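Notes for the one structure printed next.
The values are calculated or read from the model by the stated rules, or taken from the named source; none is laboratory data. Worth saying up front: this structure is predicted, and the values here are computed from it rather than measured. Here the Cβ positions follow ideal geometry from the backbone for every residue, glycine too, while neighbour counts run over all protein chains shown. Please note that ligands, DNA and RNA were not included when accessible areas were found on the heavy atoms of the full protein model with its side chains. Shrake-Rupley method; radii C 1.70, N 1.55, O 1.52, S 1.80 Å.
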Amino acid sequence: MYINGIWKTSEGTFAVFNPANGNKVGDAVDGSRADAREAIDAAHAAFPAWSSSTAYARADILLKAYSLMIEQKQALAELMTTEQGKPLKAALNEVQYAADFLRWFAEEAKRNYGETIPSARADQRFMVRYQAIGVVAAITPWNYPISMITRKVAPALAAGCTIVLKPAEATPLCAQAVFKILEEAGVPEGVANLVTCEDPVEIGKEFCSNKKVKKITFTGSTAVGKMLAADAAPQLKRVSMELGGHAPFIVFEDADPVHAAKGASLVKFLNTGQACISPNRIFVHRSILDSFLKTFTARIEKMNAGDGMSATTSIGPLVNEAAVDKVATQVEDALNKGAKLHHGGERLLAGDLSKGHFYAPTLISDVNDEMRIYREETFGPVAAVIPFDDYDEVIAMANDTDFGLAAYVYTNNLSTAMRAFEALNFGIIGINDINPTSAAAPFGGMNESGLGREGAREGLAEYLETKLGGFSI
Ligand code: NAD
């Protein structure tokens, strides 16, 4: 753990395992509620000096962190693959994405402009300034173990906030590596603090109840996000929530089914389906269904599951056995209720795969709203295809979810594209595009997918408080 500029190693530890083979990767310090309190105290003490430093000084440190992350890209990606499981190429992409947030918010720090507003009174002037909220408590998930950290730390530090971060228990070593970079970049003591732990409950309680914490920012499941938001409510702490998703992927009849199937298979199996923006329901117009399924099946057949460190691996393991069980249960439920299996549909246990948490990349069709997969987030490598016949029907089905994070639309008709973009109740919509994410673009969900946005101008605003000055002259 990294508290007030000091690496703490003296307490109990917990082991971290490689999900591809069960081998131990390392140990992390098992922090307590008292450690979280100490980290919050440090962040609170560091706040006055950090928030009153110039945006230029803060930007320089973030830019230095960006350069260090790029220099260490290969080592960080290898650590990520070993600890989290994604193929090395995907890990390299994630480190770049993570570094992009450091650079983007270094630049945005200097654009925290205020406003003057005309008054109805001749003797009055209004001035608005946006200032750092205070101490931020952050909780991040294991699926994107480096970028989900920089997506919070970079805007918080750019705004002038200080931060205490608790990473997921499955990936504390990636978090340590990020904080080593922040230390080396010259982040002053107490400004960024890391508390690792095996059981997050007590630390979550401290974050939500400690009066020195002014903001909770969380990325993870909707269930935990709701609980944290409720716990933070008595003190009316600011909250940002990046939660689960259940993305629809709509292929209209005028789309090229081959192109759409290639896109769908790429984004579906990204990170073995363990992404909040992963398509959970793939709606394909009945007139092009056969062609879509043929191309999708051919793509899946070429996928190779295995250890992400091997150059031939295109799909890695799931995070743990519970995740494999959840996927297997959803597939079994769908097949029992009449879904058709085109590929996969089983755990992978051959040879060394039996040592890890592997499930075959799977394609099922004829999915309907009676099946669990139609509503529950899968977070695994299962593509569920649903046929449709007309525009209104598919928009209604796509919006028929409590989630509202990402959606995808494939069409060659400009009018259909624009109408669907406006009608879908999701925060992020890819139109003939499977990667609508960037440090420069606002990321976040509607409805039960969350509150607030990360990245972009909006990402900085999440860490700023609005202050109005009324001057009588
Ligand atoms: P999770 O909610 O179980 O865990 C996420 C984090 O919350 C971890 O750090 C964990 O230790 C912590 N946590 C769990 N219980 C807690 C408690 N009682 N108090 C305090 N902290 C607690 O989620 P997960 O299964 O690890 O991650 C997958 C989920 O995250 C999926 O639903 C996915 O869609 C979502 N996710 C969302 C985004 C996004 O940006 N919207 C990005 C990545 C993942």
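A few comments on the model shown:
- The residues of region 158-181 that are of a type outside the set (Gly, Ala, Ser) and out of contact with any helix residue (DSSP H, G or I) (no Cβ under 6 Å at 6 or more places or on another chain), listed by number, are Cys161, Leu165, Glu169, Pro172, Gln176, Phe179, Lys180.
- Checking region 428-435 against the condition returns no match, with no residue being part of a loop (DSSP other than H, G, I, E, B), over 21 Å from the mean Cα position of the chain (by Cα), closer than 29 Å to Val324 by Cα and not acidic (Asp, Glu).
- Scanning region 120-137 for residues that are surrounded by 14 or more Cβ atoms within 10 Å (Cβ to Cβ) and in a loop (DSSP other than H, G, I, E, B) gives Ile133, Gly134.
- Residue satisfying all of: in region 83-96; in a helix (DSSP H, G or I) and open to solvent by less than 40 Å² (accessible area, probe 1.4 Å); farthest from Gly356 (Cα to Cα) among these: Val95
- Yes/no for Ala91 being hydrophobic (A, V, I, L, M, F, W, C) and without any contact (Cβ under 8 Å) to a residue 60 or more places away in the chain: no
- Scanning region 28-75 for residues being within 29 Å of Tyr97 (Cβ to Cβ), open to solvent by 50 Å² or more (accessible area, probe 1.4 Å) and part of a helix (DSSP H, G or I) gives a total of 10.
- For region 436-473, the candidate set comprises residues that are of a type in the set (Val, Ile, Thr) and not in a strand (DSSP E or B); within that set, the residue that is most open to solvent (accessible area, probe 1.4 Å) is Ile473.
- Options Thr437, Thr416; residue that is assigned by TED's automatic domain parsing to the domain that holds Val267, among the β-branched types (Val, Ile, Thr) and in contact (Cβ under 8 Å) with a residue 24 or more places away in the chain: Thr416
- Residue check for Phe403: surrounded by 15 or more Cβ atoms within 10 Å (Cβ to Cβ) and either within 16 Å of the ligand (Cβ to nearest atom) or under 30 Å from Ala156 (Cα atoms) (or both): yes
- Annotation: of all residues in region 329-366 being free of Cβ contacts under 8 Å to residues at least 24 places away in the same chain and among the charged types (D, E, K, R), the one that is farthest from Ile300 (Cα to Cα) is Glu332.
- Strands (runs of 3 or more DSSP E) contained entirely in region 278-385, each with at least 2 residues that are under 25 Å from Ala406 (Cβ atoms) and among the hydroxyl-bearing types (Ser, Thr, Tyr): 362-365
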